[in-house]
Amino acid sequence: MLDIFVLIFELLYNDRMEQKKIIQKNKKDPFKLMEEQTAFFLAGNCDKCTPCREGIYRIDEMIKNKEIDEKALDDIFFVLEETSLCPFGKKAGRSLKTLMKKIIE
Amino acid sequence: MKIEIKINNKKIKTESGKTVLEVALENKIDIPALCYHPDLKIKGSCRLCLIQVKGKKNLTTSCSTKVVSGMEVLTETSEIERARKINLELLFSQHREECFDCVWDSNCELLRLAKKYNVEINRFKDRKTKYPVYRFGNALEFDSSKCIDCGNCVEVCHNQGVDFLETKERGHLFQVVPSKKKDKDCIYCGQCVTHCPAGAFEAVGEYEGIEESLNKKDKVVVFQFAPSIRTIIKEGQIVAGLKKLGVDKVFDTCVGADFTTTSEAEEVVERIKSGKNLPILTSCCPSWVKYVEQNYPEFIPNLSTTRSPQVILGGLIKTYWAEKEGIDPKKIFVVSIMPCVSKKFEIERPQLKISGMKAVDYVLTTREFQRLLKRHNIDLETLKPEKTDLGFGDPSGAGIIYGASGGVMESAFRTAYEKLTNEKLKDVEFKQVRGMKGVKEVEIKIKGEKKKIAVINGLGNAKKLIDDIKSGKRGGYTCIEVMACPGGCIGGGGQPLPTSEEIRSQRASSLYQRDKKEKIRKAHENPIVKKVYEKLAHEVLHTSYNKKGKGTVKKI
């Protein structure tokens, strides 16, 4: 569990860090990592604004069902980054997006 | 300070301190804003009122952005449209649609925006399909599967001093739930209904039960309509519409208000003379009465024992009128059209029965009445206005102004003044008690003696005043009028949506204009009051109260 917190801390506070390196460092299954990361954001957000509350819920749903809708993901990342109420949602969008990009690659 | 800004390249002169959304709305520029309500704080939760401010990288919300001189704003760009569309799709994924039975009727902002932004309503699966419907007593329902988590209901419930609705974390998601705390209970004011943008709240039976009032073939169906209904539909049209529906008789609740005023004024006079149970607290508002019974039982003796206008008129119909017409009162079915959700609760109070019968058998809200007309394809514009039936005559102006905050106090003092002084009151207008201000404190001179009165609208304001009276911070009041809803009954939970202070002010103003036109403006001068008031049985005019526990909350 510590791994995921270290990773998220790095993602939140060091935007320029390359996602690839982090994944290699943690030697995790990227899908598993994504699931843990969305769970963190789902538990940590305040549920106040629509993109953060509903957007992260939908990402979590896709990961759990292993049914990735790329267009939907792209749209959710867009509203998370552009329209979230606070930096938590904006950063969640950015970090999940880079990680997801890696999974899809 | 006057400033100039640009919205969509159009120069607009405005004042600093306002938000971009307010300026846009004033200038008829369409910016969607679901969680925004002029009665409430800015929350910025729906993320739809997005704008692009020149010089700023990200989109921002117009509800939370204050205008500054020289600001340049765009409200419609491809990026903004995309963001609104996606956020709307996410909002729809937590809102179970049930459009045929929605309090917003055809006036739904969610649907308007869905069309405007070409929204795929079912893009994401509804996540709340299994969320429960809660029924609060016999008056209100909350369908949590329609809630879009904007928080308006929780805020308005808090502003009302009730705090019955709260946000609780279930799993990883917060949701609005009724409080389980023993000292928190719904008072059925229905302000959650009028402030919810998603139609998650409604009165019980709205609209499934509306035909019940008409399907009484073996009964004489008698309708009455409250003062505030005429701020939505003209009296003549109300009567014509009801007659078209097949209703046997239609009477005006304002006549009941004249009886209420006369009785309440008598109580005021008696209590001033005896010095007992002062200040007298008005009791026309059932939400307020319930609030006192539950939270301030020590103030129960202060409540006026006079029944509310609809209950008095219902009682008169089943006693005085039934006898006059030779009708068995058990064969009469009385229906009230009320601006209020709480009146549904009021008619079930056992203390309000007349010879074992309910004084009023059924209550329809203004919204339900409008839906009833629509369901029967009745277009009021095409109908010739009709007068109410003979039997009780026309109300006085004092009865008409009951719908606005201060109306009950003004009516009572028009009568009480004359009873206390034995002098004719020349200027009947107590303008100091009018208006939308939450707390109005006024001193009136009667026989050289000053009487301090307070007029309150919005239950949260009443809570503060009563707490201050309890702690000794404030005092010396003779009368206190309390209406649970903002602006009084004209802003009631049963009125059509939307609501705002501007809308409520217009409704109140229309009642005062009607009062001005009346020849008789004092309740005790109404001919029917003069004729029958003294002969009426105590049970037609008065009621009693008792300390109450928490009402029922059922999961459906």
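The values are calculated or read from the model by the stated rules, or taken from the named source; none is laboratory data. Computed from a predicted model, the values in this text were never measured in an experiment. With ideal geometry, Cβ positions are generated from the backbone for all residues, glycine too; neighbour counts draw on all protein chains shown.
Looking for something touching a strand residue (DSSP E or B) at 6+ places or on another chain (Cβ under 6 Å), outside the structural domain of B:Ser287 (by TED's automatic domain parsing) and at pLDDT 95 or above - is there at least one such residue anywhere in the range B:224-231? No, the range B:224-231 has no match at all.
Across the range B:148-165, the number of residues qualifying as part of a helix (DSSP H, G or I) and of a type in the set (Asp, Glu) comes to 1.
What about B:Glu481, is it surrounded by fewer than 16 Cβ atoms within 10 Å (Cβ to Cβ), in a strand (DSSP E or B) and at negative phi? So B:Glu481 does not fit the description; no. For the range B:203-228, give me each residue that is among the aromatic types (Phe, Trp, Tyr) and assigned to a loop (DSSP other than H, G, I, E, B). B:Tyr207 - this is the single residue of the range B:203-228 that is among the aromatic types (Phe, Trp, Tyr) and assigned to a loop (DSSP other than H, G, I, E, B). Looking only at residues in the range B:166-198 that are of a type outside the set (Ser, Thr, Tyr), assigned to a loop (DSSP other than H, G, I, E, B) and buried (at least 24 other Cβ atoms within 10 Å of the Cβ), the one that is nearest to the other protein chains (Cβ to nearest Cβ) is B:Ala198. Restricting to the range B:67-102, count the residues that are aromatic (Phe, Trp, Tyr) and within 12 Å of chain A (Cβ to nearest Cβ). Count: 1. Any residue at all in the range B:41-60 that's within 30 Å of B:Pro286 (Cβ to Cβ) and surrounded by fewer than 17 Cβ atoms within 10 Å (Cβ to Cβ)? Scanning the range B:41-60, I find at least one residue that is within 30 Å of B:Pro286 (Cβ to Cβ) and surrounded by fewer than 17 Cβ atoms within 10 Å (Cβ to Cβ), so the answer is yes. Under the condition of being more than 7 Å from chain B (Cβ to nearest Cβ) and either closer than 12 Å to A:Thr83 by Cα or surrounded by fewer than 22 Cβ atoms within 10 Å (Cβ to Cβ) (or both), the residues counted in the range A:46-56 number 2.
Selection of the range B:380-405 for residues being in a helix (DSSP H, G or I) and buried (at least 19 other Cβ atoms within 10 Å of the Cβ) yields B:Gly397, B:Ala398, B:Gly399, B:Ile400, B:Ile401, B:Tyr402, B:Gly403. I'd like the full set of residues that are part of a strand (DSSP E or B), out of contact with any Phe, Trp or Tyr (no Cβ under 8 Å at 6 or more places or on another chain) and either crowded, with 16+ Cβ neighbours inside 10 Å or not assigned by TED's automatic domain parsing to the domain that holds B:Ser308 (or both), limited to the range B:435-478. Answer for the range B:435-478, where residues must be part of a strand (DSSP E or B), out of contact with any Phe, Trp or Tyr (no Cβ under 8 Å at 6 or more places or on another chain) and either crowded, with 16+ Cβ neighbours inside 10 Å or not assigned by TED's automatic domain parsing to the domain that holds B:Ser308 (or both): B:Lys440, B:Glu441, B:Lys451, B:Val455, B:Ile456, B:Asn457, B:Tyr477, B:Thr478. Within the range B:406-424, the set of residues being polar (S, T, N, Q), part of a helix (DSSP H, G or I) and over 23 Å from B:Gly491 (Cα atoms) comprises B:Thr415, B:Thr421. Can you spot a residue in the range B:154-161 that is in contact (Cβ under 8 Å) with a residue 40 or more places away in the chain, surrounded by 24 or more Cβ atoms within 10 Å (Cβ to Cβ) and either away from chain A (no Cβ under 14 Å) or of a type in the set (D, E, K, R) (or both)? Yes, the conditions are met somewhere in the range B:154-161. Quick one: would you say B:Val220 is touching a residue at least 12 places away in the same chain (Cβ under 8 Å), assigned by TED's automatic domain parsing to the domain that holds B:Ile401, of a type in the set (A, V, I, L, M, F, W, C) and out of contact with any Pro (no Cβ under 8 Å at 6 or more places or on another chain)? Judged against the criteria, B:Val220 is a match.
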